[in-house]
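K.L.:
Sending over a structure as structure tokens; questions will come in a sec.
The values are calculated or read from the model by the stated rules, or taken from the named source; none is laboratory data. All values reported here derive from a predicted model rather than from experimental measurement. Counting neighbours? That spans all protein chains shown, and the Cβs are built from the backbone with ideal geometry, glycine included. Each accessible area value is taken on the protein alone, full model and side chains, heavy atoms only, with ligands, DNA and RNA left out. Shrake-Rupley method; radii C 1.70, N 1.55, O 1.52, S 1.80 Å.
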Amino acid sequence: MTAKKLENNSNHAVIAEEVKILTDLLDESTRHLVGDEEFAKIKGLVKIAASSDHSQLESQIACLSNQEMIIVARYFATLPLLINITEDVDLASEVNLLNNTDKDYLGKLESTVDLVAEKDNAAEILSHVNVVPVLTAHPTQVQRKTILELTNKIHDQLRRYRDVKAGTINRKEWTDQLRRYIEIIMQTDIIREKKLKVSNEIKNVMVYYPDSLIPAITKLTARYKELAREKGLNVDGATPITMGMWIGGDRDGNPYVTAETLRLSATIQSEVIFEYYIKALNDLYRTVAVSTSYVQPTPEVAELAKLSADNSPFRENEPYRRAFYYLESRLAHTEMELLDVFSKEAVVKKEAALKAPVYKDAYEFKEDLEAIKRSLIQNHDRAVTGGHFDNLLEAIEVFGFHLATIDMRQDSSVNEACVAELLKSARICDNYSDLDEEEKIQILLNELSNDPRSLHSSNSPKSELLQKELKIYHTARLLKDNLGENVIKQHIISHTESISDMLEQAIMLKEYGLLDSEKARVQVVPLFETVEDLQNSREIMKRYLSFDIVKHWVASKGNYQEIMLGYSDSNKDGGYLASCWSLYKAQKELTAIGEEQGIKITFMHGRGGTVGRGGGPSYEAITSQPFGSIKDRIRTTEQGEIIQNKYGNKDAAYYNLEMLVSAAVDRMVSKQKVSQDHIQDFTASMDGIVEDSNRVYRELVFDNPHFHDYFFQATPIKEVSSLNIGSRPAARKKITELSGLRAIPWVFSWSQSRVMFPGWYGVGSAFKHFIDADPNNLKELQEMYQGWPFFHSLLSNVDMVLSKSNMEIAEKYAGLCEDEATRSVFDIIKKEWELTKEVILQIEGHSKLLEDNPSLESSLDYRLPYFNVLNYVQLEMIKRGRQEKLSGIYESIIHITINGVASGLRNSG
């Protein structure tokens, strides 16, 4: 029997009951705020929306005044938010229930370890698995931190509903508290009035660690090792999950990321984990009151107690408490030394802390704790060392003193400009940028292999750009020296198009000793983004990895070489099918190159929330990767609303992290489901289909003279770009140029207009042409869907995207176009949408969309009517705005609707 996937098996009746409770409270709060007359208009819109009478809905909304629009937008933006909470509560409850009652589900850790235990090298596999979610600041989280905190309070309150029904919690008091939270949401600004700074983004993402990510990761790691031990496998040093961070280090296209933001990101992260450790020590200090009246500690613990400044007469017989006090003194002093702050959580006095020696690294801290643990076990207090004690030890193993590894990232063009300036100032080459590729490679290899000097050490004046970049590398060096090697491990190069792009990055790292001819303290990681770059990546990496100096760098990193794959730009460049297929083939080819050269190629997947940006269910996304492409490490970006959805509470975090680990292990150890002969046949078919899809996509996006104006007139791109949802500009160039527009606002705008264009356009025509070419081709596609995980995931994602689109509403957005020629682009889009739906269902053998995902279908049934209303409000307000009939507070109504639609879709950018 196949294990069930929890998201696809939600408790519809429970969700419906809880949605009604929250909706009734929202109705009460809204009626109280606006009065019966205005509230009647809202309920009228609810009734019309439920009947799907879009024509009447449009006409009713057009009659509302700007003032009335505010409360209508607020009400309908809050509804999908409350529905999200009920679904999240149901998932968290189900995860706990099935774990506590030893029931199975897809991706459960127990089943994964069972699967691996059958292998001869099981211990080696489990010891080396490392999955890294990398939190980014990509701006798709439209909700303010204040609103997120309120939704978390509602989530926690709703979790108590089962106790309310059992009578162990007073129903009236429980309901009143929920009502208070909802009333506050209805009177709180949903949208930020000011644009976020990088420092805000760093602090915002840190809130997920203390109560969610840290407890979830430590629990999962402890469980992982426990399950392995039960199978007789020793994996004590394993870290199946570690965390990554882009915020503060990703300066590609963001002029506000500087040396100071890099330092700030590292120090704030470090402070978060120090505070966690000190708080954990405080808990142990209060709990482990073991007395020498009953047991004697080991000499190691006796020595720690002797060094303690805890001289209270009440602690004379409590050596463990004195030992914990000493550890906390050392830790507090270490935090002061590294971060120049004294812990807010510390029980020890500052004077005592300053007298204690600092820890040279996190492992020395762990050694002291393990000494205490050994003593307790020796005295038959094994139960005391479980729970919080073991979790603290796991946390040190995973988070060290750095919490998460910060990635640095910069565009290749910036590196080239800086290297050209350095070479010129050092009188090595006056015209570097004019050289051909071979000449560049020779100069760069010579500098890296034979010249130990720092090129920036000359007294020549330096440009503002070069000074800024050098300061960042200097800061990175200092952070690694102080906080440990794991604080920064990779530097990613955006728009990698050549070998010289990678060697230029190496030159910049060399300037501050982050790389030399023998080793790399920071690895050079190429990012291949466009379809063309992905196709060229094989030849680039094959030659790059052949250089002796590169072999030294790779060897110093344990024989691993990471490569980042860009989903967003490849999609924008070539369409959904071309992007997915180019990524799939690139991984197969790059993995093969690594195997030829005895190097483990690992991948970082630059995925967004939407299918158009590589999103979709994480488990399926990983298990559909090319066979053999996951060696033991995989990293993937998590951003915006996806971070809140996956990691907003510790139960959701545990489940989603468990899915990542289990999927990675599953793909590593499972046998290939499709024979190699079939894969070759499928590959040949896909090559032709994808070429056709790419042609159809580019004919519209790049060759149709009206498409540019259609996008900028028939989507809320200008309004999306003015949202204060991130520090990074929405475009690399002008906001009116498609080529310079970032992939995120591109996808976000299509989501808002309900076209969902990047997730499906070009799919229908390509498959239809293939099916029409041969009567047997439909059968082949159906076999591919049934037996090939990659193809099954590909089509399932298109199915999901189509289910969230709405051509009736999209046509209304097309009505915003200023002329008929521009508006006619919609006719092309609609025709392709209808064809795509028809062909996808034909291949799947389904009669309707989401046929095999009833929970998502049910979820959309709840929420679609509500954010359909928001779309019509948005449309009306865009019309008024373009007619210059909006000003002041009324301009924010459009932003409220964008927020609500994004909440309803859940993965919007």
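K.L.:
Give a residue-ordered list of calculated ³J(HN,Hα) values for the stretch 42-48 (Karplus: 6.51 cos²θ - 1.76 cosθ + 1.60, θ = phi - 60°; whole Hz; x for Gly, Pro).
P.N.:
Per-residue couplings from phi come out as 5, 5, x, 5, 4, 5, 5 Hz.
K.L.:
Relative contact order (percent) for the stretch 1-119, with alpha-carbon contacts under 8 angstrom and 6 or more residues of separation?
P.N.:
Dividing the mean separation by the residue count of the stretch 1-119 yields 51 percent.
K.L.:
Just to be sure I understand the model, the point goes 7 Å from the Cα along the line to the Cβ. What's the resulting LEU778 to GLN296 distance in nm?
P.N.:
Placing both labels 7 Å beyond Cα along the Cβ direction yields 8.6 nm.
K.L.:
Can you tell me what share of the DSSP beta bridges in the chain is antiparallel? A percent to the nearest 5 is fine.
P.N.:
Among the beta bridges of the chain, antiparallel pairing accounts for roughly 5 percent.
K.L.:
Then there's this: Quick check for me: using +1 on Lys/Arg Cβ and -1 on Asp/Glu Cβ, what's the dipole size of the chain about its Cα centre, in debye to the nearest 20?
P.N.:
Roughly 2120 debye for the chain.
K.L.:
Applying a 10 Å radius around every beta-carbon, put 472-480, 351-359, 527-535, 770-778 in order of their mean neighbour count, most first.
P.N.:
527-535, 472-480, 351-359, 770-778
K.L.:
Straight-line reach from LYS468: which aspartates and glutamates fall under 16 Å, measuring Cα to Cα and dropping same-chain residues less than 8 apart?
P.N.:
ASP250, ASP252, GLU260, ASP411, GLU416, GLU421, GLU511
K.L.:
Once a ≥ b ≥ c are taken as the square roots of the eigenvalues of the Cα gyration tensor of the stretch 377-527, is the result rounded (a/c under 1.5), prolate (a/b larger than b/c) or oblate (a/b not larger than b/c)?
P.N.:
Prolate, since a/c reaches 1.5 and a/b exceeds b/c.
K.L.:
Excluding same-chain residues fewer than 8 positions from LYS471, which lysines have a Cα within less than 17 Å of its Cα?
P.N.:
Within reach: LYS462, LYS480, LYS510.
K.L.:
Once Lys and Arg get +1 and Asp and Glu get -1 on their Cβ, which of PRO357, ALA309, TRP750 lies farthest toward the positive end of the dipole of the chain?
P.N.:
Of the options given, the answer is ALA309.
K.L.:
Can I ask one more? Which of LYS489/LYS650; LYS225/LYS631; LYS153/LYS350; LYS20/LYS172 have a Cα-Cα distance over 24 Å?
P.N.:
Working: LYS489/LYS650 27 Å; LYS225/LYS631 20 Å; LYS153/LYS350 35 Å; LYS20/LYS172 16 Å.
From the list (LYS489/LYS650; LYS225/LYS631; LYS153/LYS350; LYS20/LYS172), the Cα-Cα distance tops 24 Å for LYS489/LYS650; LYS153/LYS350.
K.L.:
Across the stretch 777-782, in residue order, what do the Karplus-derived ³J(HN,Hα) couplings come to in whole Hz, using 6.51 cos²θ - 1.76 cosθ + 1.60 with θ = phi - 60° and x for Gly and Pro?
P.N.:
3J(HN,Hα) across the stretch 777-782, in whole Hz: 5, 4, 4, 4, 4, 5.
K.L.:
Moving to a separate point now. Between beta-carbons, use under 11 Å as the cut-off and find the net charge around ARG330, counting Lys and Arg +1, Asp and Glu -1.
P.N.:
Working: positive: LYS355, LYS360; negative: GLU328, GLU335, GLU337, GLU364, ASP368.
So the environment of ARG330 carries a net charge of -3.
K.L.:
How high is the relative contact order of the stretch 761-909, in percent, with contacts defined as C-alpha pairs under 8 Å that are six or more residues apart?
P.N.:
Working: 92 pairs, mean separation 40.7, N = 149.
It rounds to 27 percent for the stretch 761-909.
K.L.:
Same structure again: Roughly how many nanometres apart are two label points built 7 Å out from the Cα toward the Cβ at GLU316 and SER59?
P.N.:
Label-label distance for GLU316 and SER59, simple model: 9.1 nm.
K.L.:
So, for the stretch 810-909, what is the accessible surface per residue at a probe of 1.4 Å, expressed in square angstrom? Intermediate results must be reported in sequence, preceding the final value.
P.N.:
Numbers: 3850 Å² over 100 residues.
Counting only protein heavy atoms, the per-residue value for the stretch 810-909 is 39 Å².
K.L.:
If you don't mind, there's one more thing I want to ask. Just the number please: accessible area per residue for the stretch 299-449, 1.4 Å probe, all protein chains included, in Å².
P.N.:
Dividing the accessible area of the stretch 299-449 by its residue count gives 46 Å².
K.L.:
Counting only other residues whose beta carbon sits under 14 Å from that of SER847, what net charge do I get with K and R as +1, D and E as -1?
P.N.:
Around SER847, the surrounding residues sum to -4.
K.L.:
Could I ask something else about it? Output the peptides 885-898, 565-578, 77-90, 662-675 sorted from most to least packed, where packing is the average of other Cβ atoms within 10 Å over each peptide's residues. Before the final figure, lay out each step's value.
P.N.:
Details: 885-898: 19.1, 565-578: 26.5, 77-90: 23.9, 662-675: 17.4.
Order by mean packing, descending: 565-578, 77-90, 885-898, 662-675.
K.L.:
Please work out, to two decimal places, the log10 of the ratio I(q)/I(0) at q = 0.19 Å⁻¹ from a Debye calculation in which every Cα of the stretch 732-887 carries one identical scatterer.
P.N.:
For the stretch 732-887, the Cα-only Debye profile gives -1.28.
K.L.:
With a Förster radius of 56 Å, plug the Cβ-Cβ distance of ARG882 and LYS4 into 1/(1 + (r/R0)^6) and report the FRET value to the nearest 0.05. Write out the running numbers ahead of the final one.
P.N.:
Details: r = 49 Å, r/R0 = 0.87.
So, using R0 = 56 Å, E works out to roughly 0.70.
K.L.:
With every protein chain in place, what's the accessible area of CYS817 (1.4 Å probe, Å², nearest 10)?
P.N.:
So the heavy atoms of CYS817 present about 20 Å² to solvent.
K.L.:
Here is a further query. Can you tell which of LEU150, VAL164, SER199 lies farthest toward the positive end of the dipole of the stretch 146-225, using +1 and -1 charges on the Cβ of basic and acidic side chains (Lys, Arg; Asp, Glu)?
P.N.:
Final value for the positive-end residue is VAL164.
K.L.:
Here's something else I'd like to know. Let a ≥ b ≥ c be the square roots of the eigenvalues of the Cα gyration tensor of the stretch 76-232; is it rounded (a/c under 1.5), or, if not, prolate (a/b larger than b/c) or oblate?
P.N.:
Oblate shape, in that a/c is at least 1.5 and b/c is the bigger or equal ratio.
K.L.:
Residue by residue through the stretch 288-302, what is 3J(HN,Hα) from phi via Karplus (6.51 cos²θ - 1.76 cosθ + 1.60, θ = phi - 60°)? Round to whole Hz and write x for glycine and proline.
P.N.:
Listing the rounded values in order: 8, 9, 5, 9, 5, 5, 10, 9, 10, x, 5, x, 4, 5, 4 Hz.
K.L.:
A further question follows. Give me the one-decimal Kirkwood hydrodynamic radius in Å for the stretch 581-686, with the sum taken over alpha-carbon pairs.
P.N.:
Computed over Cα pairs of the stretch 581-686, the Kirkwood hydrodynamic radius comes out at 15.1 Å.
K.L.:
Classify the stretch 774-866: rounded, prolate or oblate, from the alpha-carbon gyration tensor (a ≥ b ≥ c, eigenvalue square roots; a/c under 1.5 rounded; otherwise prolate if a/b is larger than b/c)?
P.N.:
In terms of gyration-tensor shape, oblate.
K.L.:
Modelled label-to-label distance, GLU834 and SER517, 7 Å Cα→beta-carbon offset: nm?
P.N.:
6.9
K.L.:
Taking H as built 1.01 Å from N, whose amide H comes closer than 5 Å to the amide H of ILE241, not counting residues under 5 places away?
P.N.:
Long-range HN contacts for ILE241: VAL131.
K.L.:
Any idea what the relative contact order of the chain is, in percent, if you count C-alpha pairs under 8 Å spaced at least 6 apart?
P.N.:
With pairs under 8 Å counted, the relative contact order is 17 percent.
K.L.:
Using amide H atoms built 1.01 Å from N in the peptide plane, name the residues 5+ places from GLN523, or on other chains, whose amide H lies under 5 Å from its own.
P.N.:
Here the answer is GLN490, HIS491, since their amide H atoms fall under 5 Å of that of GLN523.
K.L.:
Let me ask something additional. Nearest 500 deg cm²/dmol is fine: what mean residue ellipticity at 222 nm does the chain get from its DSSP H runs of n ≥ 4 alone, each adding -39,500 (n - 2.57), divided by its residue count?
P.N.:
Values: 40 runs with 561 residues, N = 909.
Roughly -20000 deg cm²/dmol at 222 nm, from the helical runs in the chain.
K.L.:
I'd like to compare 406-417, 232-243, 443-454, 865-876: which one has the highest average count of other Cβ atoms within 10 Å, and what's the full order after that?
P.N.:
On the way: 406-417: 21.6, 232-243: 17.9, 443-454: 15.3, 865-876: 25.3.
In descending order of packing, they fall as 865-876, 406-417, 232-243, 443-454.
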